[in-house]
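The values are calculated or read from the model by the stated rules, or taken from the named source; none is laboratory data. From a predicted model like this one, the values you see are computed outputs, not experimental measurements. Here the Cβ is made from the backbone with ideal geometry for all residues, glycine too, and neighbour counts use every protein chain on show. For accessibility, only protein heavy atoms count, side chains too; no ligands or nucleic acids. Shrake-Rupley method; radii C 1.70, N 1.55, O 1.52, S 1.80 Å.
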2 protein chains.
Amino acid sequence: MQKLKQRILNDGKVFPGNILKVDSFLNHQVDPSLMSDIADEFYARFSGVKITKVLTIEASGIGIALMTAARFGVPMVFAKKTQTKNIAADVYSTSVISYTHGTTYEVVVSKEFLDESDQVLIIDDFLALGNALLGLVNLVKSAGASVAAIGIVIEKGFQCGGEKIRSLGIPLCSLAIVDSMEDGKIVFREEN
Amino acid sequence: MQKLKQRILNDGKVFPGNILKVDSFLNHQVDPSLMSDIADEFYARFSGVKITKVLTIEASGIGIALMTAARFGVPMVFAKKTQTKNIAADVYSTSVISYTHGTTYEVVVSKEFLDESDQVLIIDDFLALGNALLGLVNLVKSAGASVAAIGIVIEKGFQCGGEKIRSLGIPLCSLAIVDSMEDGKIVFREEN
């Protein structure tokens, strides 16, 4: 998505340790006009896919997921993060390792809001190692539902998350794939 | 807002301890069509007010805040919750007491995204005791910015948050004010 890539080049900041900061328009301050264009793009790319629900994880994916769900005319569900090990019986849950914070957390979704009739579009803002995303895939499977597709705004193509997901045979569409950020220079993967 | 009140009556669930669960359409599963109507309503109610930014707190206010920001054509910023006491120099921060969880957490916003020129519309899904909301008001003041108005989806009118905020002289608009939930019967405050 050309407009997104241009915005990353203009306003993204690269820090040592392969950190890409896009918090001026994506995940702290958020540009509603760009998010609306991103929702349109997901709708166009998954137009042939049957979707009954959009699923994301709190917090920064919620805005994009809601706008995307509006395009498809289906509910959006956001999975919640919790530290507690006492998981209630009325939720699906899975553990996710956070390498950033060196911790493990639980991700939960109420059983009321996912069932075996659901064709789920998973949306998130970032894909790097893919642990949170695999957690969402596990939640969908626990419900007996199907992952229809996954839409990601920015994928770090030099980390293994994208490969893990694609090897599962799930259609994964990332609107911008960053293949390298050496010396602060952002290089995007060519689109087919 | 009649449509919202009707939805609360249809799908809201009252539990002992004055708990109102609206997680089938507002804060776990989210109905994009209703959220879009809510954003329209906030835009109509604050149409005469100069707004340069919409501010909310993660996580459940983010979707509504983004759609509302889209109506005004301004950026949305969401404040982040953190447990850490080591607050970076480049953020505004304030402490918030959570009675629900019996804990205190810090709420932060990057100094990059709020300054003295900002006229801020604060948006959140719920108002009960008002601690999180007062935290957001503090952040805006720390930046030297002004709170132009506050928009709330559901206010628990029998708790003190609304009164606290109104006594500060800040224009506060709640789209549905629940005045009582005795015996599971939801009673709304009459609108002027």
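Take the conditions (1) touching a strand residue (DSSP E or B) at 6+ places or on another chain (Cβ under 7 Å); (2) away from chain B (no Cβ under 12 Å); A:Ser117 misses just one of them, which is (1).
Any residue at all in segment A:102-116 that is open to solvent by less than 50 Å² (accessible area, probe 1.4 Å) and either among the acidic types (Asp, Glu) or in contact with a Cys (Cβ under 8 Å, 6 or more places away or on another chain) (or both)?
As a first pass, look at segment A:102-116 and keep what is open to solvent by less than 50 Å² (accessible area, probe 1.4 Å): A:105-110, A:113-114.
Those left that are additionally either among the acidic types (Asp, Glu) or in contact with a Cys (Cβ under 8 Å, 6 or more places away or on another chain) (or both): A:106.
Within segment A:102-116 (the criterion being open to solvent by less than 50 Å² (accessible area, probe 1.4 Å) and either among the acidic types (Asp, Glu) or in contact with a Cys (Cβ under 8 Å, 6 or more places away or on another chain) (or both)), the answer is yes, since at least one residue qualifies.
In segment A:6-33, what residues are charged (D, E, K, R) and within 19 Å of the chain's Cα centre (by Cα)? Can you show your working first?
Taking segment A:6-33 as the starting set, the residues that turn out to be charged (D, E, K, R) are A:7, A:11, A:13, A:21, A:23, A:31.
A:Arg7, A:Lys21, A:Asp23, A:Asp31 - these are the residues of segment A:6-33 that are charged (D, E, K, R) and within 19 Å of the chain's Cα centre (by Cα).
Residues that are over 22 Å from A:Lys164 (Cβ atoms) and within 14 Å of chain B (Cβ to nearest Cβ) within segment A:85-107 comprise A:Asn86, A:Ala88, A:Asp90, A:Val91, listed in sequence order. Residues of segment B:120-143 being charged (D, E, K, R) and in contact with a strand residue (DSSP E or B) (Cβ under 7 Å, 6 or more places away or on another chain), which ones? Listed by number, the residues that qualify are B:Asp124, B:Asp125.
Checked against (1) under 21 Å from A:Glu116 (Cβ atoms); (2) out of contact with any Asp or Glu (no Cβ under 7 Å at 6 or more places or on another chain), A:Arg45 passes all but a single condition, namely (1).
Screening segment A:123-154 for residues that are touching a helix residue (DSSP H, G or I) at 6+ places or on another chain (Cβ under 8 Å) and not aliphatic (A, V, I, L, M) and picking the one that is surrounded by the most Cβ atoms within 10 Å (Cβ to Cβ) gives A:Gly151.
When A:Ala176, A:Ala143 are checked against the criterion of being more than 16 Å from the chain's Cα centre (by Cα) and either of a type in the set (A, V, I, L, M) or farther than 15 Å from A:Glu58 by Cα (or both), A:Ala143 stands alone in meeting it.
Taking the criterion of being more than 8 Å from chain A (Cβ to nearest Cβ) and acidic (Asp, Glu), the residues of segment B:40-77 that qualify are B:Asp40, B:Glu41.
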